[in-house]
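Novice: Sharing a structure with you now.
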Amino acid sequence: MKKLFAEFFGTYWLVFGGCGSAIFAAGIPELGIGFAGVALAFGLTVLTMAYAVGHISGGHFNPAVSFGLWAGGRFPAKDLIPYIVAQCVGAVAAAGTLYTIASGKAGFVIDNTKAGAFASNGFGAFSPDGYSLQSAFIAEFVLTLFFLLVILGATDKFANGRFAGIAIGLALTLIHLISIPITNTSVNPARSLSQAIFVGGEPLSQVWLFWAAPILGAIVAGFIYKSLLQNHDAA
């Protein structure tokens, strides 16, 4: 249960900090943090929670990461569903908190006809810069694949594990710097689901892509690392 609570709180912090920065701080006139600030916020959430609770649960905070670690031989299949449930519950709880806070501002309403509403992900008309389903799928697949390669490499028993959280957090920052204009950046099915539930409409109907592409990318990364990169012979 401690592992599941760690995943709950870690995913909660990721969604609250990352999506919260996009909802509340990105567009404030003259003071807004913009895309770069949101990218950094997502990276910081993972970095801070990796050191806070990573030693308890492994610090996944993301169903795609759990699948990738399973494919890489680092995580048992029997724990996949409990971890994913804890991650999704944490993400939805964070989105609910964000919604409650946002509702305290006069005139607040979620326009689910607008790309990126309530930090949601999307493609086509719901991509921040109008990228197609194909472009969104490729971006999410490739970026999650490389995210898992970073995670698997940084946490390898032959790597310097003390700095793993920094490498992983910076990797997530870079991923957001690349792909916010494409999909508003997911690489995390729980993060996408939580926002889509509150937005509804077309963003909710598109959330399948933000489960399929990241999980497939993560699984491929796990097999690549295990088969081609991991040092099986080192003493």
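Novice: Residues 161, 153: which one is in contact (Cβ under 8 Å) with a residue 40 or more places away in the chain and either on the phi < 0 side of the Ramachandran plot or acidic (Asp, Glu) (or both)? Spell out the reasoning first.
Specialist: On the way: 161 fails: in contact (Cβ under 8 Å) with a residue 40 or more places away in the chain.
Checking each option against the conditions leaves just 153.
Novice: Within segment 66-108, how many residues turn out to be surrounded by fewer than 15 Cβ atoms within 10 Å (Cβ to Cβ) and free of Cβ contacts under 8 Å to residues at least 24 places away in the same chain?
Specialist: The qualifying residues number 11.
Novice: Mind checking which pairs have a first residue in segment 109-126 that is more than 16 Å from residue 182 (Cβ to Cβ) and a second that is part of a loop (DSSP other than H, G, I, E, B), Cβ under 7 Å, 6 or more apart or different chains?
Specialist: 112/200; 117/110; 117/111; 118/110
Novice: Kindly establish whether residue 221 is crowded, with 22+ Cβ neighbours inside 10 Å and either modelled with pLDDT of 95 or more or part of a helix (DSSP H, G or I) (or both). Full working, then the answer.
Specialist: Details: crowded, with 22+ Cβ neighbours inside 10 Å: yes; either modelled with pLDDT of 95 or more or part of a helix (DSSP H, G or I) (or both): yes.
When the stated conditions are applied, residue 221 passes them.
Novice: Still on this model: Within segment 185-210, work out how many residues are in contact with a Pro (Cβ under 7 Å, 6 or more places away or on another chain) and over 20 Å from residue 173 (Cα atoms).
Specialist: Going residue by residue through segment 185-210, those that are in contact with a Pro (Cβ under 7 Å, 6 or more places away or on another chain) are 186-190, 196, 210.
Those still in the list that are over 20 Å from residue 173 (Cα atoms) too: 196.
The qualifying residues number 1.
Novice: A further question on this structure: Would you point out the residue of segment 1-32, among those that are free of Cβ contacts under 8 Å to residues at least 60 places away in the same chain and of a type in the set (D, E, K, R), that is most open to solvent (accessible area, probe 1.4 Å)? Before you say what the answer is, go through the steps one by one.
Specialist: Going residue by residue through segment 1-32, those that are free of Cβ contacts under 8 Å to residues at least 60 places away in the same chain are 1-2, 6, 17, 21, 25-32.
Remaining after also requiring of a type in the set (D, E, K, R): 2, 30.
Numbers: 2: 165, 30: 192 Å².
Per the criteria, the residue is 30.
Novice: Kindly provide the set of residues from segment 89-116 that are within 18 Å of residue 25 (Cα to Cα), out of contact with any Pro (no Cβ under 7 Å at 6 or more places or on another chain) and small (Gly, Ala, Ser), ordered by number.
Specialist: Of everything in segment 89-116, those that are within 18 Å of residue 25 (Cα to Cα), out of contact with any Pro (no Cβ under 7 Å at 6 or more places or on another chain) and small (Gly, Ala, Ser) turn out to be 94, 95, 96, 102, 103, 104, 106, 107.
Novice: If you don't mind, another one. In segment 155-187, what count of residues is obtained for those that are closer than 30 Å to residue 130 by Cβ and in a helix (DSSP H, G or I)?
Specialist: In the first step, residues of segment 155-187 are kept if they are closer than 30 Å to residue 130 by Cβ; the result is 169-187.
Among the residues that remain, those that are also in a helix (DSSP H, G or I) are: 169-183.
Residues in segment 155-187 being closer than 30 Å to residue 130 by Cβ and in a helix (DSSP H, G or I): 15 in total.
Novice: Among (1) in contact (Cβ under 8 Å) with a residue 60 or more places away in the chain; (2) more than 12 Å from the chain's Cα centre (by Cα); (3) assigned to a helix (DSSP H, G or I), where does residue 56 come up short?
Specialist: Looking at each condition in turn, residue 56 falls short on (1).
Novice: Considering only segment 42-65, I want to know if a residue exists there that is over 19 Å from residue 149 (Cα atoms), among the polar types (S, T, N, Q) and open to solvent by 30 Å² or more (accessible area, probe 1.4 Å).
Specialist: Looking through segment 42-65, at least one residue is over 19 Å from residue 149 (Cα atoms), among the polar types (S, T, N, Q) and open to solvent by 30 Å² or more (accessible area, probe 1.4 Å).
Novice: Sort out which residues of segment 175-220 are out of contact with any Asp or Glu (no Cβ under 9 Å at 6 or more places or on another chain) and under 18 Å from residue 49 (Cβ atoms), and write them in order of number.
Specialist: Listed by number, the residues that qualify are 175, 176, 188, 189, 190, 191, 194.
Novice: With 193, 145, 172 as the choices, which residue is surrounded by 21 or more Cβ atoms within 10 Å (Cβ to Cβ), more than 12 Å from the chain's Cα centre (by Cα) and at pLDDT 95 or above?
Specialist: Working: 193 fails: more than 12 Å from the chain's Cα centre (by Cα); 172 fails: more than 12 Å from the chain's Cα centre (by Cα).
Answer to the check: 145.
Novice: Given the conditions (1) crowded, with 21+ Cβ neighbours inside 10 Å; (2) touching a Pro at 6+ places or on another chain (Cβ under 8 Å); (3) farther than 21 Å from residue 193 by Cβ, and given that residue 35 satisfies all but one, which numbered condition is not satisfied?
Specialist: If we test residue 35 against (1) crowded, with 21+ Cβ neighbours inside 10 Å; (2) touching a Pro at 6+ places or on another chain (Cβ under 8 Å); (3) farther than 21 Å from residue 193 by Cβ, just (1) comes out false.
Novice: Residue check, residue 207 against (1) out of contact with any Ser or Thr (no Cβ under 6 Å at 6 or more places or on another chain); (2) not in a helix (DSSP H, G or I), all met but one. Which one?
Specialist: Going through the list (1) out of contact with any Ser or Thr (no Cβ under 6 Å at 6 or more places or on another chain); (2) not in a helix (DSSP H, G or I), residue 207 breaks only (1).
Novice: I'm trying to understand the selection: among the residues of segment 200-216, which are hydrophobic (A, V, I, L, M, F, W, C), open to solvent by less than 10 Å² (accessible area, probe 1.4 Å) and farther than 10 Å from residue 143 by Cβ?
Specialist: So the first thing to find is which residues in segment 200-216 are hydrophobic (A, V, I, L, M, F, W, C), and the list is 204, 207-213, 215-216.
Next, from what is left, pick out any that are open to solvent by less than 10 Å² (accessible area, probe 1.4 Å): 209-210, 213.
Correct list: 209, 210.
The values are calculated or read from the model by the stated rules, or taken from the named source; none is laboratory data. Since we're looking at a predicted model, the values are computed, not measured. Glycine gets a Cβ as well: all are built from the backbone with ideal geometry, and neighbour counts include every protein chain shown. Surface areas here come from the heavy atoms of the whole protein model, side chains and all, with no ligands, DNA or RNA. Shrake-Rupley method; radii C 1.70, N 1.55, O 1.52, S 1.80 Å.
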